[in-house]
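To start, the structure itself, in structure tokens.
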Amino acid sequence: MAITYWKPVRNSLLAVTFAGVLLVAGKVFFYPATSNYSATQFELSESVPLADWKLIKSAPLEIIDTSEIKAARKYQYQKNRIPLEIEMRYAVNTIGDVEGMMKGHTILKSSPGRLALASTQTAGFHGILQQQNRLYLSSCINPRGGATVTSEQFRYNRNTRDWQPNRILFWLLGRGNIQDRRCLWTQMSVPLDKTTAEDAQKILENAWVSWYKWWQPRFPEP
């Protein structure tokens, strides 16, 4: 009886598996994979509210290498006479290596320092670095999953968060890859002339959580 019962179940599983193989094979044949998918154009907001901070100025940043960075903007805030600078870049086809991006696109190009990893329950991972009398916080806001700093953290999010029906359909329609290799790379900093490094880190982390909460649900459409 057991063999009779399992036979139709086995046949159904085989049919589903075979259909899946045919579907994938058809997609590969008619829509071969490519790494040249173009992300939807996206403009960073001119004004972003930040808890307890006043926005002083916002302006676009020059983009030198457009293969990875598609939009960039600098924001300047102030609170209790402490200035806060935030640079945001919309990165596509990235591996999520924040240290590498910092050395390739920002003032930290020649920095010998390494980011000290930290995390918050609300936002995920971020990195801290002291350089030239400033304290920096940097991280990548992911399309799905918490924020990341290293390529390993970013890849883990892609492997565990992107295998969803809407992403698979997105891939089957030839609109892009299943893994969504985009991020909103944030770098914020404060000077250390009016505060200690310890207090500056608390200031940055509080601002970062507010920044993350605003941007994550507004992540660009693919």
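The values are calculated or read from the model by the stated rules, or taken from the named source; none is laboratory data. Everything numeric here is computed off the predicted structure, so don't read it as measured data. No Cβ is skipped: glycine too gets one built from the backbone with ideal geometry, and neighbour counts run over all protein chains shown. For accessibility, only protein heavy atoms count, side chains too; no ligands or nucleic acids. Shrake-Rupley method; radii C 1.70, N 1.55, O 1.52, S 1.80 Å.
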Being of a type outside the set (Lys, Arg), open to solvent by 60 Å² or more (accessible area, probe 1.4 Å) and either assigned to a helix (DSSP H, G or I) or touching a residue at least 12 places away in the same chain (Cβ under 8 Å) (or both) is the filter here; which residues of the stretch 77-96 pass it?
Gln78, Asn93, Ile95
Pairing a residue in the stretch 137-152 that is within 12 Å of Asp180 (Cβ to Cβ) and touching a residue at least 60 places away in the same chain (Cβ under 8 Å) with any residue that is assigned to a loop (DSSP other than H, G, I, E, B) and open to solvent by 10 Å² or more (accessible area, probe 1.4 Å), where Cβ atoms lie under 6 Å and the two sit 6 or more apart in sequence or on different chains, gives Pro143/Arg182; Pro143/Phe219
Looking at the stretch 66-73, can you tell me whether even one residue there is out of contact with any Asp or Glu (no Cβ under 6 Å at 6 or more places or on another chain), at pLDDT below 95, part of a helix (DSSP H, G or I) and of a type outside the set (Ser, Thr, Tyr)?
no
Across the stretch 181-198, which residue is farthest from Leu44 (Cα to Cα) among those that are out of contact with any Lys or Arg (no Cβ under 6 Å at 6 or more places or on another chain) and part of a strand (DSSP E or B)?
Val190
Tell me, which residue of the stretch 187-215 that is crowded, with 22+ Cβ neighbours inside 10 Å and either among the polar types (S, T, N, Q) or at pLDDT below 95 (or both) is farthest from the chain's Cα centre (by Cα)?
Ser189
Of the listed residues (Leu129, Leu61, Leu117), the one being surrounded by fewer than 17 Cβ atoms within 10 Å (Cβ to Cβ) and touching a Lys or Arg at 6+ places or on another chain (Cβ under 8 Å) is Leu61
So Asn159, is it out of contact with any Phe, Trp or Tyr (no Cβ under 7 Å at 6 or more places or on another chain), at pLDDT 90 or above, open to solvent by 20 Å² or more (accessible area, probe 1.4 Å) and among the polar types (S, T, N, Q)
no
What is the number of the single condition among (1) crowded, with 19+ Cβ neighbours inside 10 Å; (2) under 22 Å from Ile95 (Cα atoms); (3) not polar (S, T, N, Q) that Arg218 does not meet?
(1)
Condition met for Asn177 (among the polar types (S, T, N, Q), at pLDDT below 90 and assigned to a helix (DSSP H, G or I)):
no
Take the stretch 74-107 and flag every residue that is modelled with pLDDT of 95 or more and among the polar types (S, T, N, Q).
Gln76, Gln78
